[in-house]
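Participant: Pasting a structure here, questions to come.
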Amino acid sequence: MGESIKIVPLGDIDGGLIMEIASQVSMSFGITAIVDEMQCCHESAYNRRRNQYSGEAFLKLMEDVRGETPFPREHRVLGITDVDLYIPDLNYVFGLADETRSVALVSVARFKKGNGRLIERAVKTAVHEIGHTYGLAHCHDNRCVMYFSYNLSDTDYKGKEFCLKCRKTLDARILSGEVMCA
Ligand SMILES: [Zn+2]
Ligand SMILES: [Zn+2]
């Protein structure tokens with residue numbers, strides 16, 4: 001049984017963007033990316049006071065989409081939304097991931113401003129968040145996709161590739177995952 005990742009459009013997300021993310025993720029991690037059906041109506045995640053949506057509530061939704069599986073790590077789920085997400089200690093997040101549950105999210109809400117870089121930013125964020133589901137931490141190399149983006153210029157400056165060190169860690173994780181589930 002091979003690994004796969006489900007890409008879930010949360011609301012009416014541009015199909016070209018979803019396909020671009022699916023193909024890049026598939027290439028970066030060597031896993032099959034499957035575009036799942038659109039999920040909508042996440043009003044329960046809305047925080048009226050902040051006028052934002054709870055990242056945690058969205059992660060929970062991603063878990064529900066995957067359902068119970070004997071090897072949750074083999075079936076990662078990445079949600080793509082265009083609403084603005086927050087987590088308790090941050091004003092906003094571009095993306096979010098939970099390693100133990102193998103779920104991740106990208107919000108394109110703040111990627112639209114300026115110079116037509118929405119797709120590039122979303123792709124980098126998707127690779128970054130899925131990297132977390134493989135146990136990768138933030139990297140000090142500001143060109144590496146695992147660098148933490150404080151703002152959009154950080155996202156624009158870093159590449160969509162892993163630095164050599166992160167690549168090595170990732171490859172080891174992918175390999176040990178295969179052995180574990182063989
Ligand atoms: Zn991160
Ligand atoms: Zn790195």
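The values are calculated or read from the model by the stated rules, or taken from the named source; none is laboratory data. Computed from a predicted model, the values in this text were never measured in an experiment. Every residue, glycine among them, receives a Cβ derived from its backbone with ideal geometry; neighbour counts consider all protein chains shown. With ligands, DNA and RNA removed, areas are computed over all heavy atoms of the protein, side chains included. Shrake-Rupley method; radii C 1.70, N 1.55, O 1.52, S 1.80 Å.
Participant: In deg cm²/dmol, rounded to 500, what helix-only [θ] at 222 nm does the chain give when every DSSP H run of at least 4 residues adds -39500 (n - 2.57) and the total is split over its residues?
Facilitator: -12000 deg cm²/dmol
Participant: Are there GluC sites (Glu not before Pro) in segment 1-43 that DSSP puts in a loop and that have at most 11 other Cβ atoms within 10 Å, and which ones? Working shown, then result.
Facilitator: Working: sites: Glu3, Glu20, Glu37, Glu43; in loops: Glu3, Glu37.
Loop-located and lightly packed - Glu37.
Participant: Got a sec? What order do Asp141, Asp36 fall in by accessible area at 1.4 Å, biggest, i.e. largest, first? Before the final figure, lay out each step's value.
Facilitator: Details: Asp141 65, Asp36 40 Å².
Solvent-accessible surface, decreasing: Asp141, Asp36.
Participant: Sorting Arg48, Arg143 by accessible area (1.4 Å probe), largest first, what list results?
Facilitator: If we order Arg48, Arg143 from most to least accessible, we get Arg48, Arg143.
Participant: While we're on this one: May I ask you to rank Lys6, Lys165 by accessible area, largest first, using a 1.4 Å probe over the protein chains only?
Facilitator: Lys165, Lys6
Participant: Provide the solvent-accessible area of Thr169, counting protein heavy atoms only and rolling a 1.4 Å probe, rounded to the nearest 10 Å².
Facilitator: The accessible area comes out at roughly 50 Å².
Participant: Here's something else I'd like to know. Hey, can you grab everything whose amide H is under 5 Å from the amide H of Lys6? Only 5+ residues off in sequence or another chain; H modelled, so Pro and N-termini drop out.
Facilitator: Ile34, Arg76, Val77, Leu78
Participant: Shifting gears a bit: Restricting attention to segment 59-113, which GluC sites (Glu not before Pro) occupy a DSSP loop and are surrounded by at most 16 other Cβ atoms within 10 Å?
Facilitator: Of the GluC sites (Glu not before Pro), the ones in loops of segment 59-113 whose Cβ has at most 16 other Cβ atoms within 10 Å are Glu68, Glu99.
Participant: In square angstrom, rounded to the nearest 10, how much accessible surface does Arg167 have for a 1.4 Å probe?
Facilitator: Near enough 70 Å² of accessible area.
Participant: Count neighbours as other Cβ atoms within 10 Å of each site's Cβ, and list the trypsin sites (Lys or Arg not before Pro) in segment 78-132 that are DSSP loop with at most 13 such neighbours.
Facilitator: Lys112, Lys113
Participant: If you count only protein heavy atoms with a 1.4 Å probe, what accessible area per residue comes out for the chain, rounded to a whole Å²?
Facilitator: It amounts to 52 Å² per residue over the chain.
Participant: Quick one: dipole size for segment 65-141, taken about the Cα centre, charges +1 on Lys/Arg Cβ and -1 on Asp/Glu Cβ, in debye to the nearest 20.
Facilitator: About 300 debye.
Participant: A follow-up question, please. I'd like the projected area of segment 17-80, averaged over all directions, using the convex hull of its alpha carbons. Report it in nm² with one decimal.
Facilitator: 5.3
Participant: Roughly how many percent of the accessible protein surface of the chain is carbon and sulfur, given a 1.4 Å probe and a whole-percent answer?
Facilitator: 53
Participant: Hey, another quick one. Could you compute the net charge surrounding Lys158? Neighbours are other residues with a C-beta less than 15 Å from the C-beta of Lys158; K and R count +1, D and E count -1.
Facilitator: Values: positive: Arg117, Arg121, Lys124, Arg143, Lys160, Lys165, Arg167; negative: Glu120, Glu129, Asp141, Asp154, Asp156, Glu161.
That works out to +1.
Participant: Additional query: With a ≥ b ≥ c taken as the square roots of the eigenvalues of the C-alpha gyration tensor of the chain, please select rounded if a/c is under 1.5 and otherwise prolate if a/b is larger than b/c or oblate if it is not? Don't skip to the answer; put the middle values down first.
Facilitator: On the way: a/c = 1.57, a/b = 1.16, b/c = 1.35.
Taking the square roots of the gyration eigenvalues as a ≥ b ≥ c, the chain is oblate.
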